[in-house]
Structures are given as C-alpha cells and as structure tokens.
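The values are calculated or read from the model by the stated rules, or taken from the named source; none is laboratory data. Predicted, not measured: the structure shown is a model, and the values here were computed from it. Ideal geometry is used to build each Cβ from the backbone, glycine not excepted, and the neighbour counts take in all protein chains shown. These accessible areas exclude ligands, DNA and RNA; they are computed on the full protein's heavy atoms, side chains included. Shrake-Rupley method; radii C 1.70, N 1.55, O 1.52, S 1.80 Å.
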Amino acid sequence: MTPYDMIKAHLDTAVPFAAHVGVKLLKIGDGTASAELVQRHETSNHIGTQHAGAMFTPVSYTHLTLPTSD
C-alpha cells in the first residue's frame, strides 16, 4: 500500500464532514488530488444551486492531501 492509498483509505475518518456531504476522493498523486461532490437536495441552497459550504468542502478535503513545507 502506497502512502497515497493510505491517505485515500483514511481521509473520510479524518474529515467526517466531507464524508457527510458526500465528497469522493477520485485521484491523489504527487502534487495533485481531485474530488467530486454530486449535487443533491441536502447540499443545495434555497435557490436550488450547490450551497457554498458544500461547494468548498472538496477544496478543503483535497488540500489536506498536499504535502506541507517546513
């Protein structure tokens, strides 16, 4: 198992809100990560579009996969 596989396997536990709204980590690699969030009633706002809080959750979620520098 690679470090990226371990991150992908445990990220839902580390970020329960992302799992709650339905974020799926699609791909992770050196300096890159992608995720998706399918819009549904629970993640929509009062005008029927994706709620901003839900919309930015994938960004926050994938940001956690990136290495940090000292």
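Give me the percent of accessible area attributable to carbon and sulfur for the chain, probe 1.4 angstrom.
60
How big is the dipole moment of the chain about its Cα centre under a simple scheme where the beta carbon of each Lys and Arg is +1, that of each Asp and Glu is -1, and everything else is neutral? Debye, nearest 20, please.
Values: 4 positive and 6 negative charges, 40 e Å.
That gives a dipole near 200 debye.
Averaged per residue, what accessible surface does the chain expose to a 1.4 Å probe, in Å²?
Value returned for the chain: 72 Å² of accessible area per residue.
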